[in-house]
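S.K.: If you scroll down you'll find the structure; I have some questions about it.
The values are calculated or read from the model by the stated rules, or taken from the named source; none is laboratory data. This structure is a prediction, so every number in the text was calculated from the model and none was measured. When we count neighbours, we look across all protein chains shown, and the Cβ atoms used for this are built from the backbone with ideal geometry, even at glycine.
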Amino acid sequence: MPIDPAKQILARWADPDPAHVPLLKQARIQAVLLDTPHAPFEQACHAAGIDTAPAVSVPVVARGLWPGIRSQPRRGGGDEIASASREPWVDANGYIVACERVLDPSKPTVLGYRPDDKSGVLPDRMIPFETLEAALAEARVMGGNFVLAVEPRYRAALLKRDPKALAAWSSLGAAAAWLQANAALFARPALPTITALIEPGYPTQELVNLLYRRNASPAVASAASPPSPDPAIQCLIACSLKSVPSSVFAHAERGATVVIDSPPNPAWKAARKEKDRGFYPLGRGQVVVYDKRIADPSEFALDMIDIVNHRNRAARLWNAPAVIPVAVKGERPGQALLHLLNYGAPVADEMQARIQGKFATAELLLPGKPPRKLATAARGATTEVFVPELGRVGTVRFSSV
């Protein structure tokens, strides 16, 4: 039976030794991709209920950065402490999955970085063992998959039964099982408060990257097929495109803010000008026109949050600078989900979180633990909860009843 690259937990293993199959089983790996056939190893895998397939049979997206944080923030009791100079910089690849699924929805998006390649994806710094779990979690939450490839230091530590390596491997297995069991929660439509149009190529996708990193929790749509006007879309970004679709301005006519970095219509009259952009009323909304192509996607992401303002953003977190929130529509009417992807140390203290919408109840879903009810509080148009803990990944499910 052929493997399913969209649904199975996939892995590469550098040394196909049958004695290593129990380790693969412990991490809940369901299929191993092989560079060359190895009959004894394949037989051992099949006996353990693990499928095998040639590596070339699963096309992977290999661009991106190894997930994690670059700076080493000061830690106190598991906290990631941020300041103007100490805020950790997060490397994350979930945006790649979001963009690939929009640009080519006909095939599964599978990320895959080989520890022995020269692509530059793996950093020169030491890679924490736990980041392999982060790589799987971000891909699955965003609706894709990730081929687990254990870098040499981690693999050697596992084979030596190093306690830290084994603990990370066990955590990976618990996360893999949880991601499989809760697959229906993932790949869901994002809350579209801030919606970004993309096209193939780096410029538009880098804007999406920084929108996620700055916790704007954007929705992503193809510039070739822009969404219809929707009251839920408060800010529609059409920057860094080869050509701005004329249909996007209907969003401004109906009350939204459309953001472009191409020349404005000569018939528009600016309501006000700032040093790098102008504001043009259009219908019930406005068009914000940047004077030049966006050069700093990080500052641009903060601008977009200012445009919708903090009261209306899709999601917001406090005291969690290494956590990226992803706010999506729930499985049923009256529900919403807040996925939390943690790229730093486990969060051991309460984390304040808000999501757009008014909800009566919330429950926290974490790998290896039973669902936990959270108290909700109305905060304007948003609902607030305090998340008591977070390892690598978790989800808060909100409901209106």
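Yes/no matrix, rows are residues, columns are (1) in contact with a helix residue (DSSP H, G or I) (Cβ under 9 Å, 6 or more places away or on another chain); (2) modelled with pLDDT under 95; (3) surrounded by 15 or more Cβ atoms within 10 Å (Cβ to Cβ); (4) at negative phi:
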position	(1), (2), (3), (4)
R332	no, yes, no, yes
Q335	no, no, yes, yes
A345	no, yes, yes, yes
Q356	no, no, yes, yes
A360	no, no, no, yes
E363	no, no, yes, yes
S399	no, no, yes, yes
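S.K.: Which of the residues belonging to the range 18-34 are of a type in the set (D, E, K, R) and assigned to a loop (DSSP other than H, G, I, E, B)? Walk me through how you get there before you give the answer.
M.R.: Our first condition is that a residue be of a type in the set (D, E, K, R); within the range 18-34, this holds for 25, 28.
R28, the sole residue that qualifies.
S.K.: For the range 14-67, what are the residues that are over 26 Å from D91 (Cα atoms) and among the β-branched types (V, I, T)?
M.R.: Once the filter is applied, which keeps residues that are over 26 Å from D91 (Cα atoms) and among the β-branched types (V, I, T), the range 14-67 yields V21, V32, T36, I50, T52, V56.
S.K.: Related question: Can you tell me which of (1) at pLDDT below 95; (2) surrounded by 15 or more Cβ atoms within 10 Å (Cβ to Cβ) is the one P37 doesn't meet?
M.R.: Going through (1) at pLDDT below 95; (2) surrounded by 15 or more Cβ atoms within 10 Å (Cβ to Cβ) one by one, P37 breaks only (2).
This table checks each residue for (1) free of Cβ contacts under 8 Å to residues at least 60 places away in the same chain; (2) under 13 Å from the mean Cα position of the chain (by Cα); (3) over 18 Å from P67 (Cβ atoms).
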{"residue": "D296", "(1), (2), (3)": "yes, no, yes"}
{"residue": "A301", "(1), (2), (3)": "no, no, yes"}
{"residue": "V308", "(1), (2), (3)": "no, no, yes"}
{"residue": "A314", "(1), (2), (3)": "no, no, yes"}
{"residue": "W318", "(1), (2), (3)": "yes, no, yes"}
{"residue": "A336", "(1), (2), (3)": "no, no, yes"}
{"residue": "H339", "(1), (2), (3)": "no, yes, no"}
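S.K.: For the range 317-401, list the strands (runs of 3 or more DSSP E) that sit wholly inside it and hold at least 2 residues that are under 30 Å from A167 (Cα atoms); which are they? Can you show your working first?
M.R.: Working: elements: 323-329, 335-342, 351-356, 361-365, 372-374, 377-379, 382-387, 393-399.
Correct list: 323-329, 335-342, 351-356, 361-365, 372-374, 382-387, 393-399.
S.K.: Right, another one. Please specify each residue of the range 209-230 satisfying the condition of being of a type in the set (A, V, I, L, M) and within 22 Å of D91 (Cα to Cα). Quick ask: steps written out before the conclusion?
M.R.: Taking the range 209-230 and keeping what is of a type in the set (A, V, I, L, M), we get 210-211, 216, 219-221, 223-224.
Listed by number, the residues that qualify are L210, L211, A216, A219, V220.
S.K.: Inside the range 227-256, can you point out the residues that are closer than 18 Å to R313 by Cβ, touching a Leu at 6+ places or on another chain (Cβ under 7 Å) and among the β-branched types (V, I, T)?
M.R.: I237
For (1) touching a helix residue (DSSP H, G or I) at 6+ places or on another chain (Cβ under 6 Å); (2) crowded, with 18+ Cβ neighbours inside 10 Å; (3) in contact (Cβ under 8 Å) with a residue 40 or more places away in the chain; (4) in the same structural domain as A238 (by TED's automatic domain parsing), each residue gets a yes or a no:
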position: L159; (1), (2), (3), (4): no, no, yes, no
position: A177; (1), (2), (3), (4): no, no, yes, no
position: A181; (1), (2), (3), (4): no, no, no, no
position: N209; (1), (2), (3), (4): yes, yes, yes, yes
position: N215; (1), (2), (3), (4): no, yes, yes, yes
position: A223; (1), (2), (3), (4): no, yes, no, yes
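S.K.: On to the next question. Looking at the range 339-347, can you tell me whether even one residue there is closer than 30 Å to V288 by Cβ, of a type in the set (S, T, Y) and outside the structural domain of R70 (by TED's automatic domain parsing)?
M.R.: no
S.K.: When you go through E138, E199 one by one, which is the residue that is buried (at least 20 other Cβ atoms within 10 Å of the Cβ), charged (D, E, K, R) and in contact (Cβ under 8 Å) with a residue 12 or more places away in the chain?
M.R.: Numbers: E199 fails: buried (at least 20 other Cβ atoms within 10 Å of the Cβ).
That would be E138, the only listed residue that is buried (at least 20 other Cβ atoms within 10 Å of the Cβ), charged (D, E, K, R) and in contact (Cβ under 8 Å) with a residue 12 or more places away in the chain.
S.K.: Within the range 42-52, is even one residue β-branched (V, I, T), in the same structural domain as V147 (by TED's automatic domain parsing) and modelled with pLDDT of 95 or more? Spell out how you get there, then give the answer.
M.R.: Going residue by residue through the range 42-52, those that are β-branched (V, I, T) are 50, 52.
Then drop every residue that is not in the same structural domain as V147 (by TED's automatic domain parsing), which leaves 50, 52.
With the extra rule that they be modelled with pLDDT of 95 or more, the set shrinks to 50, 52.
Checked the range 42-52: at least one residue is β-branched (V, I, T), in the same structural domain as V147 (by TED's automatic domain parsing) and modelled with pLDDT of 95 or more.
S.K.: Surrounded by fewer than 20 Cβ atoms within 10 Å (Cβ to Cβ), touching a residue at least 60 places away in the same chain (Cβ under 8 Å) and not aliphatic (A, V, I, L, M): does that describe G380? First the steps, then the outcome.
M.R.: Working: surrounded by fewer than 20 Cβ atoms within 10 Å (Cβ to Cβ): yes; touching a residue at least 60 places away in the same chain (Cβ under 8 Å): yes; not aliphatic (A, V, I, L, M): yes.
It is true that G380 is surrounded by fewer than 20 Cβ atoms within 10 Å (Cβ to Cβ), touching a residue at least 60 places away in the same chain (Cβ under 8 Å) and not aliphatic (A, V, I, L, M).
S.K.: Just to be sure, is D15 within 26 Å of the chain's Cα centre (by Cα), acidic (D, E), in a loop (DSSP other than H, G, I, E, B) and farther than 23 Å from L341 by Cα? Lay out the reasoning, then the answer.
M.R.: On the way: within 26 Å of the chain's Cα centre (by Cα): no; acidic (D, E): yes; in a loop (DSSP other than H, G, I, E, B): yes; farther than 23 Å from L341 by Cα: yes.
Spelling it out, it is not the case that D15 is within 26 Å of the chain's Cα centre (by Cα), acidic (D, E), in a loop (DSSP other than H, G, I, E, B) and farther than 23 Å from L341 by Cα.
S.K.: Limited to the range 13-50, what total is found for residues that are of a type in the set (D, E, K, R) and in contact with a helix residue (DSSP H, G or I) (Cβ under 7 Å, 6 or more places away or on another chain)? First the steps, then the outcome.
M.R.: Pass one, the range 13-50, residues of a type in the set (D, E, K, R): 15, 17, 25, 28, 35, 42.
Add one more test, that the residue is in contact with a helix residue (DSSP H, G or I) (Cβ under 7 Å, 6 or more places away or on another chain), and what stays is 17, 28, 35.
Residues that pass the stated criteria total 3.
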